[in-house]
Amino acid sequence: MNDGGRLGPKDLRTLLGEWETGGRSAYQALADRIRLLIIDGRIPTRTRLPAERELADAIQKSRTTIVSAYRELRESGHLVSVRGSGSVVALPHAQEPPSARPQPAVIEFSKAAPTAIGGLEAVIQRAMSDVPRVLAKSGFDLVGSLVLRERIAHHYTERGLPTRPGQLMITLGAQHAIALIARTLVRQADRVLVEAPTYPHAIDAFRLSGGRLVTTPVTTSGWDGDRLRDAFERARPAVAYLVPDFQNPTGASMPPGQRDDVVRHARRAGTVLVIDETTADLDIERGWTDVPFAVRADDHHTVTIGSLAKTVWGGLRIGWIRADDDVIGALHGARAAGDLGTPELEQLVATEVFDDYTALVQRRTAQLRHHRDVLVRELRERLPHWDVPVPDGGASLWVGLGAPISSALALFGLTRGVSLTAGPKFGVDGAFERFLRLPYTGRVDELTRGVHLLADTARSLPVLPAGQAPQLADVV
């Protein structure tokens, strides 16, 4: 087995977050939490866990508790003993034959990814008429199709942000854009300001680039202006990654005045703003519109990320970066180490998408409004003790559970046929155990059945933190 690195006791303690539940044995609760951290990738496979005594000292539990928890994880196949390495993380199904592997969860609540919007098939068919022109090209282009960049530049210009095609790079979706920006703009030990909670894969990208993450809190009600200002002044981050429109996962939107404040704070701190606008067009009923964030800021200090994943279809794998010429040049120089450009056929389809973009977005937001309302109604009926917000845009709810049971729900949900992402996945330090992100991007019948399964999962939890059983509506 290859060495996947060692996880120190203090780091594991941070990842564990709120893991103890009253009424359950400590070793079982600890084993369950570590198992979930392994399942959702927060502890990678082949990672060496701390020795029993080290972890016992770090979390102030007996060595017997740690030994028992590790034994349970070995029995379930999530730890293996390796001579000279101690306890090493594994996934049980990696050693099982395909027929023995568990079947996928029936209901998918772990991804805020809608299916293709209606009308996309016609767009694709129309795009195929231009295939001969594309086939005459080499197919390797690190910046992207000029025609597509012209369409996106026109889209920004119409929204009040004059843009040239040279200020744009086409990427393999928004996540590719984030990762490329991180490894280009972040140096080892640079401070990076991120929201808490935020998009998990952005956290991963900035950490992999050597960034030291600094957080600023955001809730369903928005950002704390004083703490946001203090974060810029205290940390003076090299980069700040923000999602100001229908923030993932809270659904909050930053008011125009606070956006102006952020620009002023960033200028004083010398911070490059990385603004993720992948959900900006998912406006269900916000009641106000805003220009792109970069209108407020000096182009040299603002990098904007866009994508068609939420509005049109994630399978199209088209995103983009808007920045000044110097940043685009630096991204171009760094990109070849990871890939050799965005596929031409996807860019061809994306070019045609922008001819119908307004109509496609209207169709998507109407769909999301209906799905959001269904999910909110079902949750409030079957889980009335939970705090269920009604976001005015975006693709998911950030639900308050009233108790630190998010990881337990995610773990036991797998046995009930529902796939969930625990709240701590959206933080950097094991926080948000009292929250659960629930996307409303699935079909209506899946949303309804998913809530039934979720209520059944909550009912099945051995004991809630206060030793009280959840008060749930009857499941029918």
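The values are calculated or read from the model by the stated rules, or taken from the named source; none is laboratory data. Everything quoted here is computed from the prediction, not taken from an experiment. Glycine also receives a Cβ, built like all others from the backbone with ideal geometry; neighbour counts cover every protein chain displayed.
With respect to being exposed (fewer than 14 other Cβ atoms within 10 Å of the Cβ), within 21 Å of Trp313 (Cα to Cα) and not basic (Lys, Arg), Gly118 fits the description. Regarding region 58-66, can at least one residue be identified that is touching a helix residue (DSSP H, G or I) at 6+ places or on another chain (Cβ under 9 Å), on the phi > 0 side of the Ramachandran plot and modelled with pLDDT of 90 or more? Within region 58-66, not a single residue is touching a helix residue (DSSP H, G or I) at 6+ places or on another chain (Cβ under 9 Å), on the phi > 0 side of the Ramachandran plot and modelled with pLDDT of 90 or more.
Each residue in region 138-166 was checked for being closer than 21 Å to Asp326 by Cα, surrounded by fewer than 16 Cβ atoms within 10 Å (Cβ to Cβ) and polar (S, T, N, Q), and 1 of them qualify. Scanning region 264-280 for residues that are buried (at least 24 other Cβ atoms within 10 Å of the Cβ) and either modelled with pLDDT under 95 or acidic (Asp, Glu) (or both) returns a single hit, Asp276. Annotation note: of Arg416, Arg322, Arg372, the sole residue that is modelled with pLDDT under 95 and among the basic types (Lys, Arg) is Arg416.
What about Thr278, is it in a helix (DSSP H, G or I) and in contact with a Ser or Thr (Cβ under 8 Å, 6 or more places away or on another chain)? When the stated conditions are applied, Thr278 does not pass them. Among the residues of region 5-25, the ones that are of a type in the set (Gly, Ala, Ser) and either modelled with pLDDT of 85 or more or in contact with a strand residue (DSSP E or B) (Cβ under 8 Å, 6 or more places away or on another chain) (or both) come to 3 in all.
Matching residues to (1) touching a strand residue (DSSP E or B) at 6+ places or on another chain (Cβ under 8 Å); (2) assigned to a loop (DSSP other than H, G, I, E, B); (3) buried (at least 21 other Cβ atoms within 10 Å of the Cβ); (4) not acidic (Asp, Glu):
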| position | (1), (2), (3), (4) |
| --- | --- |
| Val399 | yes, no, yes, yes |
| Ala410 | yes, no, yes, yes |
| Gly413 | yes, no, yes, yes |
| Ala431 | yes, yes, no, yes |
| Arg437 | yes, no, yes, yes |
| Thr441 | yes, yes, yes, yes |
| Leu447 | no, no, yes, yes |
| Gly450 | yes, no, yes, yes |
| Asp456 | no, no, no, no |
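Contact map, region 126-154: first residue in contact (Cβ under 8 Å) with a residue 24 or more places away in the chain and under 23 Å from Ala336 (Cβ atoms), second residue exposed (fewer than 14 other Cβ atoms within 10 Å of the Cβ) and charged (D, E, K, R), Cβ cut-off under 8 Å, separation 6 or more or different chains; the map is empty.
Restricting attention to region 67-87, the residues that are at pLDDT 90 or above, in a strand (DSSP E or B) and surrounded by fewer than 15 Cβ atoms within 10 Å (Cβ to Cβ) add up to 0. Out of (1) more than 17 Å from Tyr199 (Cβ to Cβ); (2) in contact (Cβ under 8 Å) with a residue 60 or more places away in the chain, the odd one out for His301 is which? Result: His301 fails condition (2) only. Look through region 311-326, keep the residues that are part of a loop (DSSP other than H, G, I, E, B) and touching a strand residue (DSSP E or B) at 6+ places or on another chain (Cβ under 8 Å), and return whichever of them is nearest to Asp281 (Cα to Cα). Here the answer is Ile318.
Tally the residues that are assigned to a loop (DSSP other than H, G, I, E, B) and within 27 Å of Thr115 (Cα to Cα), restricting the search to region 291-310.
Matching residues across region 291-310 total 4.
Scanning region 40-56 for residues that are surrounded by fewer than 15 Cβ atoms within 10 Å (Cβ to Cβ) and out of contact with any helix residue (DSSP H, G or I) (no Cβ under 6 Å at 6 or more places or on another chain) yields Gly41, Pro44. Residue-level analysis places Glu150 among those that are within 23 Å of Pro292 (Cα to Cα) and either in contact with a Pro (Cβ under 7 Å, 6 or more places away or on another chain) or basic (Lys, Arg) (or both). Here Phe354 meets each of (1) hydrophobic (A, V, I, L, M, F, W, C); (2) over 25 Å from the mean Cα position of the chain (by Cα); (3) within 17 Å of Val143 (Cα to Cα) with one exception, condition (3).
Every residue, every condition in (1) in contact (Cβ under 8 Å) with a residue 60 or more places away in the chain; (2) in contact with a strand residue (DSSP E or B) (Cβ under 9 Å, 6 or more places away or on another chain), yes or no:
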| position | (1), (2) |
| --- | --- |
| Ser209 | no, yes |
| Thr216 | no, yes |
| Val239 | no, yes |
| Gln247 | yes, yes |
| Gly251 | yes, yes |
| Pro256 | no, no |
| Val263 | no, yes |
| Ile284 | yes, yes |
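The residues of region 415-429 that are assigned to a loop (DSSP other than H, G, I, E, B) and touching a Ser or Thr at 6+ places or on another chain (Cβ under 7 Å), listed by number, are Leu420, Thr421, Val428, Asp429.
Considering region 173-263, the qualifying helices (runs of 4 or more DSSP H), each wholly inside and each with 1 or more residues that are modelled with pLDDT of 95 or more, out of contact with any Ser or Thr (no Cβ under 7 Å at 6 or more places or on another chain) and surrounded by 20 or more Cβ atoms within 10 Å (Cβ to Cβ), run over 174-185, 200-208.
Residue by residue, here is whether (1) touching a Leu at 6+ places or on another chain (Cβ under 7 Å); (2) farther than 22 Å from Gly442 by Cα; (3) assigned to a helix (DSSP H, G or I) holds:
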residue: Ala350; (1), (2), (3): yes, yes, yes
residue: Arg363; (1), (2), (3): no, no, yes
residue: Ala366; (1), (2), (3): no, no, yes
residue: Arg369; (1), (2), (3): no, no, yes
residue: Val374; (1), (2), (3): yes, no, yes
residue: Glu381; (1), (2), (3): no, no, yes
